[in-house]
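The block underneath contains the structure these notes are about, expressed in structure tokens.
Nothing in this text is a laboratory measurement; each read-out follows from the coordinates by a stated rule. From a predicted model like this one, the values you see are computed outputs, not experimental measurements. As a convention, Cβ positions derive from the backbone with ideal geometry for all residues, glycine included, and neighbour counts pool all protein chains shown.
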Amino acid sequence: MGGRSRKHLAGWLACLGVALAGCGATSKEVAIQNAKPGDLLVSVDGSRVELVRAFTPGIANGLHKGVVTITTEADGAKGQMYEVTVICSIKGESGWQSYDNIYGDPISDLNAKRTFPVKDRWQFLFHYDGRTEKTGTLEPSGWVSRLKDNLCRKGDFDDT
């Protein structure tokens, strides 16, 4: 192999190494309190949830109208955007609900005016007794529960 071929091969291998290192760097979940648009919020069972637009804090326990993209192995790199709201509760506190509530509306354009109710809205109530209530078109998936934990700062995302 000539000198020029070796340099070309070495350059190509260096680029490949940088690309692979970059892929590994984006696979770590980021807690919502540290997340910026483009960050990975959840990665579970072949699904990835990335932050598109930051959530607006609500009264005491809610995060409202953040936008995320969900990419699953089934849909490849295409993904689906959802405007999501979560209302978190505190177990054992009087006057608080006994469940965490997360719901979302599929969207295709960040700037489009939305009309409500959205026919494809989904909602999950995660009761503290272990029950989950579901309404809407979205099938239960591990990313929904994990996203709720991230947004409510519970489970692996508990920073208290």
> At q = 0.18, 0.30 Å⁻¹, what is the log10 ratio I(q)/I(0) for the stretch 95-151, with the Debye formula run over Cα points and no solvent?
Replying inline: -0.70, -1.28
>> Using Stokes-Einstein with the Kirkwood hydrodynamic radius over Cα pairs, what translational diffusion coefficient do you get for the stretch 28-88 at 10 °C and a viscosity of 1.306 mPa s, in µm²/s rounded to a whole number?
In response: 133
>> Quick check: convex hull of the Cα atoms in the stretch 31-157, volume per residue, rounded to a whole Å³?
In response: 118
> In the stretch 69-160, what GluC sites (Glu not before Pro) fall in a loop by DSSP, with at most 10 other Cβ atoms inside 10 Å?
Replying inline: Glu73, Glu93
